[in-house]
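Reading through the structure tokens given below for one structure.
The values are calculated or read from the model by the stated rules, or taken from the named source; none is laboratory data. Everything numeric here is computed off the predicted structure, so don't read it as measured data. Surface accessibility is based on the protein's heavy atoms, side chains included, excluding ligands, DNA and RNA. Shrake-Rupley method; radii C 1.70, N 1.55, O 1.52, S 1.80 Å.
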Amino acid sequence: MTILTRYLLRSHVGPFLFTFSLLTGLMFVNAIAQRLDDLAGKGLPRDVILESLLLALPHTIALTLPMAVLPAVLYTFSELAANSEIIAMSGGGVRPRRLFLPAMLLGVMLSAITFFFNDRVLPEANHRLKNLQVSIHRKSPTFQLRERVVNVIEGENGLGPYYLRAESIDPVSSELTDVRIYDMSRQGVRRTTYATRGEMQLNATYTDLQLRLYDGEAYEVRSTDQRTFQRTAFEEQLYVLRGVGDIFEDTQADYRGDREMSVIQLRDSANAKLTQLDSLRAESRVAAIQAVERALGRGGDDAGGPLPFSKAPPVFDDAQLPQDDMIRMVSIDAKTQGTRFRSLSKRASQYWVEIHKKLVIASACMIFVLIGMPVGVRFSRGGISMVIVVSAVVIGVYQYGMSTGEDWADRDLATPFWSMWAASLSFLAIGILLASRLARWTASSRESGWQELWLEARAAVRRVVPWRRRAPGGVSR
């Protein structure tokens with residue numbers, strides 16, 4: 001490593017550590033303030049409270065580590081340019097792009113560290129924090145439910161049980177996805193309820209489980225008269241399971257959310273959802289063939305076999321159902337399958353979004369070097385105010401692009417790749433353009449403060465959107 005490379009790297013260390021410590025401290029204090037209300041007044045041991053607060057630190061570091069790169073690079077190169085050190089290096093035969101290599105080397109190193117931290121350290125910290133939060137809620141018991149299996153829930157006064165199945169269960173927020181409830185609590189009535197998602201909580205006396213279900217349908221039939229079939233669609237429904245408070249207890253679930261997985265785990269989970277989507281398509285084709293065969297009177301039972309009970313609405317004897325009721329049941333089944341398809345597709349998309357997010361955050365370190373070095377050299381007289389304003393604007397736009405892209409991916413408005421990488425690729429193009437003009441700028445020693453920054457920005461806008469100003473007499477000039 002040459003003397004020049006060591007000097008440039010050493011020049012970045014101080015500003016980077018200062019910025020990283022400042023941002024981490026501010027955001028960590030804010031995180032502590034938000035968590036104190038959930039920890040205070042519960043008689044928890046000090047080590048539990050301290051561990052809960054410290055486990056919030058990795059999430060803060062994951063954000064502040066790439067954020068500290070841009071201010072450090074801006075400040076370092078603006079100081080070098082303001083003190084004419086870059087001009088002296090150029091006069092000594094050092095090409096401007098030679099100064100770019102140590103900064104990019106630092107960016108690559110920080111990108112690798114950020115990716116490793118977000119892929120290995122942060123998921124484990126998030127998982128441990130979630131389990132600790134479950135333990136903290138011991139005085140507010142959580143419901144012992146297992147996901148992806150049929151949970152048998154005994155009802156009140158010895159009535160028939162409830163059978164509840166959910167694709168995923170978050171023990172901290174008590175949120176459920178892809179919910180199915182088979183209700184046998186009323187004698188002579190069988191009720192099956194499907195919902196895209198739900199939320200569960202106990203009532204004030206901790207005796208009844210209240211399930212608030214969203215975007216679903218309910219099917220009800222009486223065993224004494226199977227010709228009477230009732231179907232109800234709902235956007236929101238409150239479902240109360242009475243007398244189940246005695247089975248509430250503390251749990252330590254092994255389920256991991258998308259922010260508690262590494263890239264490999266996210267990829268495997270996404271592929272598993274895509275496999276389920278393929279199976280659902282095959283089931284839908286079988287159900288469609290069966291419906292057509294029944295309508296034509298050809299006996300649809302041989303068209304591929306019946307669908308599993310856990311994945312289809314109750315099936316009744318076709319000979320006892322009028323034609324209109326049979327058509328209605330087929331329509332309900334198709335709509336239910338469509339709801340499950342959208343749920344699986346959205347979940348797979350969320351896994352891919354999280355994968356791309358890890359890569360985008362890691363690559364931000366290199367992109368910020370590309371932007372920070374030429375801007376710091378060109379507008380060296382802007383001082384600390386220039387560093388703060390440029391950093392705030394770039395990082396703000398970057399984060400807004402990521403959050404908006406994640407929302408677009410969740411709503412299927414864009415693919416996970418383009419929704420997450422759009423902002424990064426745009427800044428990458430800007431950084432390459434600025435770096436390509438670095439040789440012309442470093443040879444200049446004229447004043448380059450806020451006025452020069454404004455003139456440069458206005459000239460760039462005019463090159464993209466040309467316009468002419470009209471003279472008072474109406475002649476354009």
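Remark: accessible surface ordering of Tyr398, Tyr255, Tyr75 (largest first) is Tyr75, Tyr255, Tyr398, probe radius 1.4 Å.
Computed with every protein chain present, the accessible area of Phe341 is close to 70 Å² [probe 1.4 Å].
Taking all protein chains together and rolling a 1.4 Å probe, Val94 ends up with roughly 40 Å² accessible.
In the context of the full protein assembly, Asp47 retains an accessible surface of approximately 100 Å², using a probe radius of 1.4 Å and ignoring ligands and nucleic acids.
Please give the Cα centre distance for region 20-90 versus region 388-414, rounded to the nearest Å. First find each Cα centre; the distance between them is then 20 Å.
Which order do Arg95, Arg259, Arg146 take by accessible area at a 1.4 Å probe, largest first? Display every interim value, and only then the final one.
Values: Arg95 185, Arg259 120, Arg146 150 Å².
So the residues, ranked largest to smallest area, are Arg95, Arg146, Arg259.
The H on the amide N of Asn151, modeled in the peptide plane, is under 5 Å from the matching H of Leu164, Arg165, each at least 5 residues off or on a different chain.
When the C-alpha to C-alpha distance is required to be over 27 Å, the pairs from Lys130/Lys335; Lys335/Lys357; Lys130/Lys357 that qualify are Lys130/Lys335; Lys335/Lys357.
The 1.4 Å probe gives accessible areas that order Arg180, Arg35, largest first, as Arg35, Arg180.
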